[in-house]
């Protein structure tokens, strides 16, 4: 089912990408020189679809990075909760091992019904 959903998503996206690239294949000049727009010293020509796709990818990377940085507090809390849970699991295993040892007074006391003593 997952493979079918992937195909259902990626095939139309691929077709749209190819149609977009073919429709916008003329060259545009990208200038990084803000002072001389007629003859830029820092400029290059690229197909329009490449410029749009590169800036879309840069936007996705910037948004993902901002989200990752903003969630730092939650990742730190999750690590702390996992460390606490691991410590509690270790304590529980120690307590279970201690109660399972035969001949121990604590184990006998825990095994006896409430209100009675095992003597």
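Would you say residue 88 is surrounded by 10 or more Cβ atoms within 10 Å (Cβ to Cβ), at pLDDT 85 or above, part of a helix (DSSP H, G or I) and not assigned by TED's automatic domain parsing to the domain that holds residue 21? Break it down into steps so the answer makes sense when it comes.
Details: surrounded by 10 or more Cβ atoms within 10 Å (Cβ to Cβ): yes; at pLDDT 85 or above: yes; part of a helix (DSSP H, G or I): yes; not assigned by TED's automatic domain parsing to the domain that holds residue 21: yes.
It is true that residue 88 is surrounded by 10 or more Cβ atoms within 10 Å (Cβ to Cβ), at pLDDT 85 or above, part of a helix (DSSP H, G or I) and not assigned by TED's automatic domain parsing to the domain that holds residue 21.
It is to be established whether one or more residues within the stretch 98-110 are in contact with a strand residue (DSSP E or B) (Cβ under 8 Å, 6 or more places away or on another chain) and either assigned to a helix (DSSP H, G or I) or free of Cβ contacts under 8 Å to residues at least 60 places away in the same chain (or both). Steps first, please.
Applying the first criterion (in contact with a strand residue (DSSP E or B) (Cβ under 8 Å, 6 or more places away or on another chain)) to the stretch 98-110 yields none.
No, every residue in the stretch 98-110 fails to be in contact with a strand residue (DSSP E or B) (Cβ under 8 Å, 6 or more places away or on another chain) and either assigned to a helix (DSSP H, G or I) or free of Cβ contacts under 8 Å to residues at least 60 places away in the same chain (or both).
The values are calculated or read from the model by the stated rules, or taken from the named source; none is laboratory data. No experiment lies behind these values; they were computed from the predicted model shown. Quick reminder, even Gly has a Cβ in these numbers, built from the backbone with ideal geometry, and neighbours come from all protein chains shown.
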